[in-house]
Amino acid sequence: MAAFPEISKIKFEGVQSSNPLAFRFYNPDEVIAGKTMKDHLRFSAAYWHTLCGDGSDPFGSGTRFYPWDNGLSGLDRSIKRVEVFFEFCEKLGSPYYCFHDRDVAAEGKTLAESNKNLDAIVKLLKERQQKTGVKLLWGTANLFGNPRYMHGAATSSNADAFAYAAAQVKKALEVTLELGGEGYTFWGGREGYQCIWNADLKREADHLAKFMHMAVDYAKEIGFQGQFYFEPKPKEPTKHQYDFDSAACINFLRTYGLQDYVKMNIETNHATLAGHTVEHELEYAASQGFLGSIDANTGDLLLGWDTDQFPTNVYETTKIMLVLLKYGGFKTGGLNFDAKVRRESFEPVDLFYAHIGGMDAFAKGLKIAAAIQESGEIAKMVKDRYSSWNSGVGAEIEAGKHSFKTLEKYILEKGEVAPNKSGRQELFENVVNRYTFPQ
């Protein structure tokens, strides 16, 4: 029996449509800047928020009780949810999905029982993937939910917790390979500290690196060739997490010799918790050669935690797509909706409204970004601002032809710097507005 019997496959109807169950901007086959929207955006539905989120928050219990869960628990509920999830993805038109191991399969009393449950569900996932054509973007392991990980997983002060996490990731890598997953994400939910007095930071960082190297080694052993991702997350639940932002993560990867194996999976809401913008995080990662995938969501700037809201701000999606287009788009990864409907949105149809809105916002952002890129207007303005580096002493510095001594001689002879150019921030913002609101 269908979980969404009153909902047909979501279609593109164009900007004039007022149908809330239709796309106004996302036309998967429309070609933008040489690629289809589907290939540019590579949308993915997150298994955990879509099916496992119940609407609970720190101040209240769950508010979402979906009909397909009625009377079911444990493995029986996990089995039913597979059917529901792929019906959702197929009707939405999501080409990919992502999951944690404990989202798709109920945890057992022992690791062996948990693995048995996971094997049973993976068989069903594989069948549904083959039937629907929906593919696995990346898999990961939940190394934060169980109390055994109260001190972290790879950075735990308890060596047994490290060992259990290693066994769990081993299995997660195996099932990701079995399902044809295109990547695997390290998400350090509790890899950090609450009190620096009781924390050995150096030892914990060493252990995290050792853990990631073990994962890389095992991937090679079993023939998993997917991309590894490291997801920056600054705080929540711990006071300080080692994967604070892109700069911290990239420094960690280079320090421990992991730079050839791991790229960034960047989330908007995590960027803001770090005091950054998502475009900063993306630009920094991409400029360093570490851009991998994106968790597409947004946060409420008036709240100090990870609210994981669906992205609807076209300015924000335009900025994201500008960075992606600038660096040639996704080589791996995609836009994964690590987002959940609000606690007050508890009907199954709300899942569709939320995803449609997010997909349309990114489609609109892509079209605006492509128009800006095609015009070359912003790029020319940036180039003009840095014109002093295109010839003369600037070009010589970049070519490595100067030292402090030669530059001192240059300035002593010149006497003073050339006049600065205006930054023209307001003009840049106006130009973006002109493309965002062309009429």
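Tell me yes or no: at least one residue of the range 275-282 is open to solvent by 10 Å² or more (accessible area, probe 1.4 Å), part of a helix (DSSP H, G or I), in contact with a helix residue (DSSP H, G or I) (Cβ under 9 Å, 6 or more places away or on another chain) and not polar (S, T, N, Q). Within the range 275-282 (the criterion being open to solvent by 10 Å² or more (accessible area, probe 1.4 Å), part of a helix (DSSP H, G or I), in contact with a helix residue (DSSP H, G or I) (Cβ under 9 Å, 6 or more places away or on another chain) and not polar (S, T, N, Q)), the answer is yes, since at least one residue qualifies.
Taking the criterion of being open to solvent by less than 20 Å² (accessible area, probe 1.4 Å) and more than 25 Å from ASN430 (Cβ to Cβ), the residues of the range 300-321 that qualify are ASP306, THR307, ASP308.
Is one or more of the residues making up the range 44-63 closer than 20 Å to SER293 by Cβ, at pLDDT 95 or above, in contact with a Gly (Cβ under 9 Å, 6 or more places away or on another chain) and not aliphatic (A, V, I, L, M)? Yes - at least one qualifying residue is present in the range 44-63. Return yes when THR155 is assigned to a helix (DSSP H, G or I), in contact with a strand residue (DSSP E or B) (Cβ under 9 Å, 6 or more places away or on another chain) and either at pLDDT 95 or above or more than 30 Å from GLY334 (Cβ to Cβ) (or both) and no when it is not. The answer is no for THR155.
Put simply, of LYS340, LYS331 the only residue that is part of a loop (DSSP other than H, G, I, E, B) and crowded, with 19+ Cβ neighbours inside 10 Å is LYS340.
Quick one: how many residues across the range 158-172 are open to solvent by 40 Å² or more (accessible area, probe 1.4 Å), part of a helix (DSSP H, G or I) and not aliphatic (A, V, I, L, M)? So the answer is 3. For the range 7-40, the candidate set comprises residues that are among the aliphatic types (A, V, I, L, M), open to solvent by less than 40 Å² (accessible area, probe 1.4 Å) and over 17 Å from GLY133 (Cα atoms); within that set, the residue that is nearest to the chain's Cα centre (by Cα) is MET37.
Sub-6 Å Cβ pairs linking a first residue in the range 233-258 that is at positive phi and part of a loop (DSSP other than H, G, I, E, B) to a second residue that is open to solvent by 30 Å² or more (accessible area, probe 1.4 Å) and not small (Gly, Ala, Ser), at least 6 apart or interchain, are GLU236/TRP305, ordered by first then second residue. Candidates in the range 173-199 are the residues that are aliphatic (A, V, I, L, M) and touching a helix residue (DSSP H, G or I) at 6+ places or on another chain (Cβ under 9 Å); of these, the one that is most open to solvent (accessible area, probe 1.4 Å) is LEU177.
Of all residues in the range 41-55, those being touching a residue at least 24 places away in the same chain (Cβ under 8 Å) and open to solvent by 40 Å² or more (accessible area, probe 1.4 Å) number 2.
In summary, no helices (runs of 4 or more DSSP H) completely within the range 373-439 bear 3 or more residues that are charged (D, E, K, R) and open to solvent by less than 100 Å² (accessible area, probe 1.4 Å).
Checking the range 348-360 against the condition returns a match, with at least one residue being part of a loop (DSSP other than H, G, I, E, B), out of contact with any helix residue (DSSP H, G or I) (no Cβ under 6 Å at 6 or more places or on another chain) and surrounded by 16 or more Cβ atoms within 10 Å (Cβ to Cβ). Here ALA22 fulfils each of the conditions (1) within 24 Å of PRO311 (Cβ to Cβ); (2) modelled with pLDDT under 95 apart from (2).
Remark: pairs (first residue in the range 319-343, in contact (Cβ under 8 Å) with a residue 12 or more places away in the chain; second residue in a loop (DSSP other than H, G, I, E, B) and of a type in the set (Asp, Glu); Cβ separation under 6 Å; 6+ apart in sequence or on different chains) = ALA339/ASP308; LYS340/ASP308.
Quick check on the range 58-79. Is at least one of its residues in contact with a strand residue (DSSP E or B) (Cβ under 7 Å, 6 or more places away or on another chain) and either open to solvent by less than 40 Å² (accessible area, probe 1.4 Å) or free of Cβ contacts under 8 Å to residues at least 24 places away in the same chain (or both)? Within the range 58-79, not a single residue is in contact with a strand residue (DSSP E or B) (Cβ under 7 Å, 6 or more places away or on another chain) and either open to solvent by less than 40 Å² (accessible area, probe 1.4 Å) or free of Cβ contacts under 8 Å to residues at least 24 places away in the same chain (or both). Of PHE4, PHE85, all but one fail to be assigned to a helix (DSSP H, G or I) and at pLDDT 95 or above; the exception is PHE85. Set side by side, the residues GLU347, GLU283 differ, and just one is in contact (Cβ under 8 Å) with a residue 40 or more places away in the chain and either among the charged types (D, E, K, R) or out of contact with any strand residue (DSSP E or B) (no Cβ under 9 Å at 6 or more places or on another chain) (or both), which is GLU283. Report yes if some residue within the range 364-372 is open to solvent by 60 Å² or more (accessible area, probe 1.4 Å) and either in a loop (DSSP other than H, G, I, E, B) or farther than 27 Å from HIS100 by Cβ (or both); otherwise report no. Yes - at least one qualifying residue is present in the range 364-372. Comparison of LYS220, LYS202 shows that the only residue that is closer than 23 Å to THR332 by Cα, of a type outside the set (Asp, Glu), outside any loop (DSSP other than H, G, I, E, B) and open to solvent by 30 Å² or more (accessible area, probe 1.4 Å) is LYS220.
The values are calculated or read from the model by the stated rules, or taken from the named source; none is laboratory data. What you see is a predicted model, and the numbers here were worked out from it, not measured in a lab. Here Cβ is always computed from backbone atoms with ideal geometry, including for glycine, and neighbour counts include all displayed protein chains. For accessibility, only protein heavy atoms count, side chains too; no ligands or nucleic acids. Shrake-Rupley method; radii C 1.70, N 1.55, O 1.52, S 1.80 Å.
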